Amino acid sequence: MTNPQEKFEKRFQESRLQYIKSLPDKVSEIKLIWNQLNINQWRLEVLLKMRNMAHNLAGSGGTFGFHKLSEQAKLLEQALDMMQINHDTAPDEETLSRINDLLISLQETELHTIQEFPNSPYHSTKTDLIYILDSDKESSLGISRQLTYFGCNVKIINDISMLNTNLKNSAPMLIIIDSEFSKLMFDKYNVIQTLRKEWLLTCPIIYISHSNKFEERVLAMKEGSSAYFNKPMEISLLVERINILTNAGIVEPYRILLVEDDIELANFYALTLERGGLKVFIETNPEQVISRILDVNPEVVVMDLYMPDYNGIELIKIIRQHQSLFSLPIVLLTSENDVNIQFLAREVGVDDFLHKPIAEKHLFDSILNRVQRSRYMNLSINRDSLTGLYVHKKINEYLATQLDLCKRYNAPLSYIIIDIDNFKNINDTYGHLAGDNVLVTLSNFLKIGVRITDFVGRFGGESFVVICPDTTAKAALNTIERLRKNFAAINHYSDKDIFKVTFCAGIAAFPKYQDLEHMMAEADKALYKSKDNGRNQSTVA
């Protein structure tokens, strides 16, 4: 039985977590008021509002045990108290600079607080560090915060001594370096070559700059940068490039299902293909072929034509009865030279023949060629051209396949449909290019934010789908709520404006809903409940 002290501790930790979730908005509002004071006419009542917010933050930070945050807010409060004697008169440059410095320190402390709190929605479990080398603290804080929302583990470095200290302790996975930092800290030296030679760094290095001059890009390329981005940048495009650079050369192995009743021959074929990097699954029992296809999701099936009690043509007819397997490439291994049988095999859906006996090299080259074309065609046909996500047809096929598995193994599954809030208004206000960038940002955000075993697709327009195998409705709700809150904090850019975007979600889960149409319909209803209740929320059917 839980004692009263344990109950209190649990409730206190839950309260601290809620406070952490609200912290970015609290600090952002203080910064927004300060910007308004500097842009508009200086007014004492606005200054008092900012002072009171700093006072409240100092008190609440200490109450919840975040003492560094409380101290920084208190310093800001005291500085603002000193400014009130000037009433509606704007302060001098020295005072303005001091307040700016205090605000930057407060933002730094806030970012460290939410990153270091273990249960924070922004706490990264990744151990690989990304260094941001930027002498502009405010700029680096903004980039760091945005990358944090995508689950990146970021370290801000504002000068050379700080860089040297950090490099002694840990090598980064990737470095983002501002061109001004490069000029200020490294003078005329090639910063990338310096880092490579002095610290033996081999990680990718990305240049960021306010300049879009062609010669700047050429110089960055000659120095050896892996990418070049203009400030302010679309954070999702930066994250996508980081993902590509840090996973360079890592490609999911091609998956082959080998159907062969002779286990010794099957093992020989598998060894031949695996030596070349293919991932091979063996099935010796023809009656289990459908189950194995659904289990391992092969990109090509290689099948013997003749097996005890069955032949390949009969099995292919059975496979093609499943709508989701109608286009699955099938290669027959056979010593049969009868042209009529070969024609019959092609009529039922055989894509290619390999004649026994076959040399190892010919076997590998033939299967590799087939599976490469299969993957390329799947990517071309089944992926959305803008976001790179799976399209509506593929979503339905995948969901149908997963529901079959759930019924067979009595495993849970959750289907989540997501819709961007007020997307038409985004297009009308900021333009269709900005709208497209929002779609790309959300697609990248979802791909990075879910498990590798989860399926992400674009249902159409501003609607997206996430299918989560082995996931209950409650677990799916926790996942999508984490993603929803983080996505709402991301900055999006148009030509002149920075804006935020939110989304709604509806969730339906197996075994409560057991067929595809019913599950999708109920998730849709849940989505519209989220919309009707004010948007920017998730609902379980």
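Taking segment 335-371 on its own, how many of its residues are within 41 Å of the chain's Cα centre (by Cα) and assigned to a loop (DSSP other than H, G, I, E, B)?
Number satisfying all stated conditions: 4.
Could you list all residues from segment 142-200 that are on the phi < 0 side of the Ramachandran plot, among the hydrophobic types (A, V, I, L, M, F, W, C) and outside any helix (DSSP H, G or I)? If you could, list the steps in order and put the result at the bottom.
Applying the first criterion (on the phi < 0 side of the Ramachandran plot) to segment 142-200 yields 142-150, 152-186, 188-199.
Checking which are among the hydrophobic types (A, V, I, L, M, F, W, C) leaves us with 143, 147, 150, 152, 154, 156-157, 160, 162-163, 167, 171, 173-177, 181, 184-186, 191-192, 195, 199.
Residues satisfying the conditions are PHE150, CYS152, VAL154, ILE156, ILE157, ALA171, MET173, LEU174, ILE175, ILE176, ILE177.
Quick check, is GLY61 at pLDDT 85 or above and at positive phi?
On the way: at pLDDT 85 or above: yes; at positive phi: no.
The answer is no for GLY61.
For segment 450-468, name all the residues that are under 17 Å from THR502 (Cα atoms) and open to solvent by 10 Å² or more (accessible area, probe 1.4 Å).
Going residue by residue through segment 450-468, those that are under 17 Å from THR502 (Cα atoms) are 458, 461-466.
Within segment 450-468, ARG458, GLY461, GLU462, SER463 meet the criteria.
Within segment 293-307, restricting attention to residues that are open to solvent by 50 Å² or more (accessible area, probe 1.4 Å) and in contact (Cβ under 8 Å) with a residue 60 or more places away in the chain, which residue is nearest to the chain's Cα centre (by Cα)? I'd like the intermediate steps shown before the answer.
Looking only at segment 293-307, we keep the residues that are open to solvent by 50 Å² or more (accessible area, probe 1.4 Å), and these are 295, 297, 306.
Remaining after also requiring in contact (Cβ under 8 Å) with a residue 60 or more places away in the chain: 295, 297.
Working: ASP295: 25, ASN297: 23 Å.
Only one residue fits best here, namely ASN297.
What residue, among those in segment 27-83 that are open to solvent by 30 Å² or more (accessible area, probe 1.4 Å) and outside any helix (DSSP H, G or I), is nearest to ARG16 (Cα to Cα)?
Restricting to residues being open to solvent by 30 Å² or more (accessible area, probe 1.4 Å) and outside any helix (DSSP H, G or I), the top hit is PHE64.
Residue check: is LYS447 basic (Lys, Arg), in a helix (DSSP H, G or I) and open to solvent by 60 Å² or more (accessible area, probe 1.4 Å)?
yes
Of all residues in segment 355-382, how many are in contact with a helix residue (DSSP H, G or I) (Cβ under 8 Å, 6 or more places away or on another chain) and either within 27 Å of GLN323 (Cβ to Cβ) or charged (D, E, K, R) (or both)?
Residues in segment 355-382 being in contact with a helix residue (DSSP H, G or I) (Cβ under 8 Å, 6 or more places away or on another chain) and either within 27 Å of GLN323 (Cβ to Cβ) or charged (D, E, K, R) (or both): 3 in total.
Every residue in segment 91-127 that is at pLDDT below 75 and open to solvent by 30 Å² or more (accessible area, probe 1.4 Å), please. Let's see the steps before the verdict.
At the first step, the residues of segment 91-127 found to be at pLDDT below 75 are 118-127.
Selection gives PRO118, ASN119, HIS123, THR125, LYS126, THR127.
Which ones in segment 374-395 are without any contact (Cβ under 8 Å) to a residue 24 or more places away in the chain, part of a helix (DSSP H, G or I) and within 25 Å of ILE244 (Cα to Cα)?
Narrowing segment 374-395 to residues without any contact (Cβ under 8 Å) to a residue 24 or more places away in the chain: 376-377, 379-383, 385, 393.
From what's left, part of a helix (DSSP H, G or I): 376-377, 379-382, 393.
TYR376, MET377, LEU379, SER380, ILE381, ASN382, listed by residue number.
List the strands (runs of 3 or more DSSP E) that sit entirely inside segment 208-292 and contain at least 2 residues that are open to solvent by 40 Å² or more (accessible area, probe 1.4 Å). Walk me through how you get there before you give the answer.
Values: elements: 227-230, 255-259, 279-283.
Where strands (runs of 3 or more DSSP E) fall fully within segment 208-292 and carry at least 2 residues being open to solvent by 40 Å² or more (accessible area, probe 1.4 Å), they are 279-283.
LYS525 passes all but one of (1) over 20 Å from SER236 (Cα atoms); (2) open to solvent by less than 60 Å² (accessible area, probe 1.4 Å); (3) not acidic (Asp, Glu); which number fails?
Result: LYS525 passes all but (2).
Yes/no matrix, rows are residues, columns are (1) without any contact (Cβ under 8 Å) to a residue 24 or more places away in the chain; (2) out of contact with any helix residue (DSSP H, G or I) (no Cβ under 6 Å at 6 or more places or on another chain):
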| site | (1), (2) |
| --- | --- |
| THR479 | no, yes |
| PHE499 | no, yes |
| CYS504 | no, no |
| GLU517 | yes, yes |
| SER538 | no, no |
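Looking at segment 238-249, can you tell me whether even one residue there is without any contact (Cβ under 8 Å) to a residue 40 or more places away in the chain, among the aliphatic types (A, V, I, L, M) and within 17 Å of SER144 (Cα to Cα)?
Checked segment 238-249: no residue is without any contact (Cβ under 8 Å) to a residue 40 or more places away in the chain, among the aliphatic types (A, V, I, L, M) and within 17 Å of SER144 (Cα to Cα).
Output the residue which, of all residues in segment 491-512 that are surrounded by 17 or more Cβ atoms within 10 Å (Cβ to Cβ) and touching a Leu at 6+ places or on another chain (Cβ under 9 Å), is farthest from TYR149 (Cα to Cα).
The qualifying residue farthest from TYR149 (Cα to Cα) is PHE510.
Considering segment 467-490 alone, what residues qualify as being modelled with pLDDT under 90 and part of a loop (DSSP other than H, G, I, E, B)?
Of everything in segment 467-490, those that are modelled with pLDDT under 90 and part of a loop (DSSP other than H, G, I, E, B) turn out to be ALA489, ILE490.
The values are calculated or read from the model by the stated rules, or taken from the named source; none is laboratory data. The model shown is predicted, which means the values in this text are computed figures rather than measured ones. Quick reminder, even Gly has a Cβ in these numbers, built from the backbone with ideal geometry, and neighbours come from all protein chains shown. Protein only, heavy atoms only, side chains kept; ligands, DNA and RNA dropped before computing areas. Shrake-Rupley method; radii C 1.70, N 1.55, O 1.52, S 1.80 Å.
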